[in-house]
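What follows is a short report on a single structure.
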Amino acid sequence: MADLDKVKERIEKLRAEINHHNYRYYVLDSPEISDAEYDELMRELKKLEEQYPQFLTPDSPTQRVGAAPVEAFGVVEHPLPLLSLGNAFSKEELLAWYTRTSRLVAGEQFNFVCEHKIDGLAVALTYVNSQLTTGATRGDGFRGENITQNLRTIRSIPLSVPKEAPPRFEVRGEVFLPKEGFNKLNQERTEEGLPPFANPRNAAAGSVRQLDSRITAKRPLDIYIYMLGYAEGKATPPTHGETMEYLKSLGFKVNPNNALLTSIDQVEEYYQTWEEKRESLPYEADGVVVKVDSFALQERLGNIGHEPRWAVAYKFPAIQGTTQLKEIKISVGRTGTLNPYAVLEPVSVGGVTIRQAALHNEDDIRRKDIREGDWVYIQRAGEVIPEVVGPIKSKRTGRGKEYNLLKKIFDKGKRRPACPVCGAEVVKPEGEVMYYCSNAACPAQTQQRLGHFASRGAMDIRGIGESQSAMLLREGLVKDVADLYYLEEKKEQLLKLEKMAEKSVTNMLEAIEKSKETPLARVIFALGIRHIGEEMAGILVTHFNSIDKLAKASREELLSIPTVGPKLADSVISFFRQRENRRIIDRLKKAGVRLEEEVVEPKELPLAGQEFVITGRLETFSRQEAEARIKALGGTTKDNVTRETTYLVVGAEPGSKLARAQTLGTKQLTEEEFLRLLEQKT
């Protein structure tokens, strides 16, 4: 009896906790935990209720779809309920769903439709006599909020459809905020002193649930229709895949990444492909929705509780989590910037244990109101360093203080702020948000500069990463980037270092020798001049075709370039005024590094006037190298496909740019065709 009491107590505790999070997520649009953590609570509750059915009650969160609608919007009754989906978190769970489904249809063969599970807000759109009449949220699945006026502001939702459409029908879709729009919206909110949205789903929900539709209209919301709810008065196609094509013909926006598949192995391949490429998508997706294609089979399979048996959400590993921020520490970057970062209570996000996360700068910390001791959202995206999205203020104890960087680094002995690495004076240039260490010889800066110089986008010296840079500096083999080109003389000393065998030393020295032919634009970028990125370095080379000419350029000459402002001009002049930097350039010149380019009028080059976009992984060379080859021949490169794009170069595992190019009719080149084009034009 005591054990059953404990089980009942745990079930009741889980229900109370889930109801609390449902309210914060669906009603307040202000969650306190990540989706992955919420899913884990629901899984535990479902498992306990299955094991102990005597404790299952009608008001359990497992028997609900969402949360009650907010009365302020008016309530819409859904003629057919909007069901929630069961989840699969592994290949084994997907196969278990497939086995159950096959058994229920007596082993009959069937196709699947796979779609991205977009992180947005589900809505139902009703059309009567070709006109949009009602738009509603999912709500609790049976009753939703009437947000018709707000949904009418979304340009991808048709206000009317062709007259051949059914006299009355409903479509269901996911309203979402694209990544670019989400980031811009959060930036605007933090600048206005408002709390940032935790994720795109909350941003979309907060946008469409505005009482003033003019606010909704200002936000770049979009929608993908994912199913036909019902149709009256006219026959519609017999399968989901055909129905989506039919809805597309009526003017509805359907995700071009949807796929009709014939086996569960193809479903797994689809999942693996998009799990790897999810970062390339213009929207956030947290998994793949797998549906049985045949409507006849869907009807036979039916539902279990509030979940259809004929569909499942195959979830991606989480990229967002919550944890406690223990301390804010400071690192020193290659240009001397003092960069705050968060030390976290370790948390697993997407199978990776996160202990530290980026905080950008003091202004950003203050705008987001992040404090030591806060519970925070953290986000991991691809291989990018995890970042702190924002605090969970509802879990704040009140003991945290507003962050002050200068207090953190104040040296009482020197009675001034000091660099945490070398103790030098800290300065903050007028009009900038970052503090800087004033010591150009700061060990932390030297190591960062060395790593940047050798990085793939700069001189591309394979074999010199973060650990090798630190080791070379520690052993006194290099003191600055120019010393790399004199390491051949110290080969015997290199061979004595840990993990530096004959082959690795030879490869490193060969990579250093090869880097001498790096184009001037990448050399300038590699030198780490403040405010000069890869693109700006290329622009400077078109005006000053040698490092000597750039070093002698006046402020007026630099400012005459349309894209150069006062900060960048002053940064270039300041860099070349420093004796140490001039000494490094002299030694690079003596070592044979290429520090000038042949002057050629851009309009005379063979790819002049042609615009290239690259998608996917290239095997022959890196993307930076490919772009450098294009620019050297007079072409331009862009990140996104537009009507002005001449060619899309398609590598392995292309992203969403390929679908965009196909839509616009942009000419595509395989890597082999791209190489042939370069050879012909060289």
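Quick note: the coordinates plus some simple rules give every number you see, no bench work behind them. Bear in mind that the values here come from a model prediction, so they are computed numbers and not experimental data. Please note: Cβ atoms are built from the backbone with ideal geometry, for glycine as well, and neighbour counts cover all protein chains shown.
Net charge dipole, the stretch 443-517: roughly 180 debye, given to the nearest 20, about the Cα centre with Cβ charges of +1 for Lys and Arg and -1 for Asp and Glu. When the C-alpha to C-alpha distance is required to be over 22 Å, the pairs from 590/681; 91/277; 567/638 that qualify are 590/681; 567/638. As a calculated quantity, the FRET efficiency between residue 642 and residue 574 at R0 = 51 Å, using C-beta atoms, amounts to about 0.85. Annotation: extensible slack from residue 396 through residue 493 equals 29.5 nm (criterion: 0.36 nm per residue apart, minus Cα-Cα distance).
Between amide H atoms placed 1.01 Å from N, distances below 5 Å from residue 356 occur with 344, all of them 5 or more places distant or on a separate chain.
Toward the positive end of the charge dipole of the chain, with +1 on the Cβ of Lys and Arg and -1 on the Cβ of Asp and Glu, the farthest Cα among 626, 292, 542 is that of 542. Only Cα sites of the chain enter the Debye sum here, all with the same form factor; the resulting log10 I(q)/I(0) across q = 0.07, 0.09 1/Å is -0.61, -0.97, listed in q order. Lysine pair count for the stretch 320-417 (Cα-Cα distance under 26 Å; residues 8 or more apart in sequence or on different chains): 27. Estimate the FRET efficiency between residue 503 and residue 303 by the formula 1/(1 + (r/R0)^6), using the beta-carbon distance for r and 45 Å for R0, to the nearest 0.05. The computed FRET efficiency comes out at 0.15. Each peptide among 521-527, 341-347 gets the average number of other Cβ atoms lying within 10 Å of its residues, and from highest to lowest they stand as 521-527, 341-347. For the stretch 386-395, putting each phi into the Karplus relation 6.51 cos²θ - 1.76 cosθ + 1.60 with θ = phi - 60° gives couplings of x, 10, 7, 6, x, x, 9, 5, 5, 9 Hz, in residue order, rounded to whole numbers and with x for Gly and Pro.
Subtracting the Cα-Cα distance from 0.36 nm times the residue separation, let me have the gained length for residue 438 to residue 230 in nm, one decimal.
Length difference between fully extended and current span is 68.1 nm.
Under the shape rule built on the C-alpha gyration tensor, where the axes satisfy a ≥ b ≥ c, the stretch 430-570 is prolate, since a/c reaches at least 1.5 and a/b is greater than b/c.
When the trypsin sites (Lys or Arg not before Pro) in the stretch 228-320 are filtered for DSSP coil states and for at most 14 other beta-carbon atoms within 10 Å of their beta-carbon, the remaining sites are 234. The distance between label points at residue 363 and residue 95 comes to 5.4 nm (points 7 Å beyond Cα on the Cα→Cβ vector).
Tell me whether the stretch 71-315 comes out rounded, prolate or oblate; compute the Cα gyration tensor, take square roots of the eigenvalues as a ≥ b ≥ c, and use a/c under 1.5 as the rounded threshold. Oblate, because a/c is 1.5 or more while a/b does not exceed b/c.
Between the beta carbons of residue 356 and residue 412, assuming R0 = 22 Å, the FRET efficiency works out to 0.20 to the nearest 0.05.
Net charge dipole, the chain: roughly 1740 debye, given to the nearest 20, about the Cα centre with Cβ charges of +1 for Lys and Arg and -1 for Asp and Glu. Within a straight-line Cα-Cα reach of under 18 Å, residue 499 can be paired with the following aspartates and glutamates, leaving aside sequence neighbours fewer than 8 residues apart in one chain: 466, 475, 488, 510.
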